[in-house]
Amino acid sequence: MSQENVALTPDTQTRPRRHAIGRDDIMPMAEYGRVRVDRRRALVAVKRNRRLSVGPYATFHFENYETMWSQVHEMLFIERGGEAQIDDELRAYNPLIPKGRELVATVMFEIDDPLRRKALLGRLGGVENTLWLEFEGQRVQGVPEADLDRTTAAGKASSVQFVHFPFTDAQAAVFARPGVRVVVGIDHEQYPHMTVMPDVVRAALVGDFD
């Protein structure tokens with residue numbers, strides 16, 4: 001695989017969008033081990049403008065090819081499952097790469113105290129269905145990743161949610177306008193919070209659209 005295909009740089013808008021990681025995109029682990037520190041350092045720059053907090057505990061991490069490429073390689077490097085592990089990792093993480101007219105976020109509810117975390121998550125059942133983006137009178141409702149149920153039968157939410165935000169062509173064009181005001185929100189009755197997306201984050205996410 002060429003180094004160009006996985007170069008980690010904040011300027012994703014100047015390169016062709018990649019919608020999936022293939023087996024031929026996987027570096028040999030010995031080679032990855034030699035460049036791992038530099039790759040992880042470069043990924044910090046990519047992620048810096050792809051996250052934002054909503055309320056006191058929720059953080060949206062917007063994924064793309066680079067973040068998922070790194071995640072797959074980290075799993076392979078740490079778990080050492082070899083060839084047998086590759087297909088499982090690709091099945092797990094390829095769905096979280098935007099497919100050209102969507103944004104995809106990993107949403108994490110983070111509370112250090114385990115008792116408070118358990119209490120909050122116990123009240124947040126169904127939160128995965130209450131996430132949205134809004135701009136210029138347009139609302140893009142989040143759609144939970146369908147891999148498994150992120151709320152238990154007892155109504156306890158997972159601390160990690162994977163959510164797709166599908167855009168129409170018209171919505172993507174509006175979102176791409178420099179300076180457009182984007183609000184990110186959660187409508188759950190136990191966690192009703194919203195925040196304005198910094199324009200530097202909006203500009204970075206525009207690179208996820210074809």
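The values are calculated or read from the model by the stated rules, or taken from the named source; none is laboratory data. Fair warning: this is a prediction, and the values are worked out from it, not measured in the lab. Neighbour counts are summed over all protein chains in view; Cβ atoms, including those assigned to glycine, are modelled from backbone coordinates with ideal geometry.
Among His164, His193, His188, which is surrounded by 15 or more Cβ atoms within 10 Å (Cβ to Cβ), out of contact with any Pro (no Cβ under 9 Å at 6 or more places or on another chain) and either farther than 15 Å from Phe109 by Cβ or modelled with pLDDT of 95 or more (or both)?
Exactly one residue qualifies, and that residue is His188.
Go over the candidates Ala157, Ala172 one by one and state the one that is touching a helix residue (DSSP H, G or I) at 6+ places or on another chain (Cβ under 6 Å) and surrounded by 15 or more Cβ atoms within 10 Å (Cβ to Cβ).
Just a single option satisfies the conditions, and that option is Ala157.
Please return the ranges of helices (runs of 4 or more DSSP H) entirely within region 73-189 where 2 or more residues are closer than 22 Å to Arg18 by Cβ and not small (Gly, Ala, Ser).
Filter on region 73-189 gives 83-93, 169-175.
Filter region 59-96 for residues that are aromatic (Phe, Trp, Tyr) and touching a strand residue (DSSP E or B) at 6+ places or on another chain (Cβ under 9 Å); which is surrounded by the most Cβ atoms within 10 Å (Cβ to Cβ)?
Phe60
Could we say that Leu205 is crowded, with 16+ Cβ neighbours inside 10 Å, under 16 Å from Pro98 (Cβ atoms) and in contact with a Leu (Cβ under 9 Å, 6 or more places away or on another chain) here?
Yes.
Right, Ala176: free of Cβ contacts under 8 Å to residues at least 40 places away in the same chain and out of contact with any strand residue (DSSP E or B) (no Cβ under 8 Å at 6 or more places or on another chain) or not?
yes
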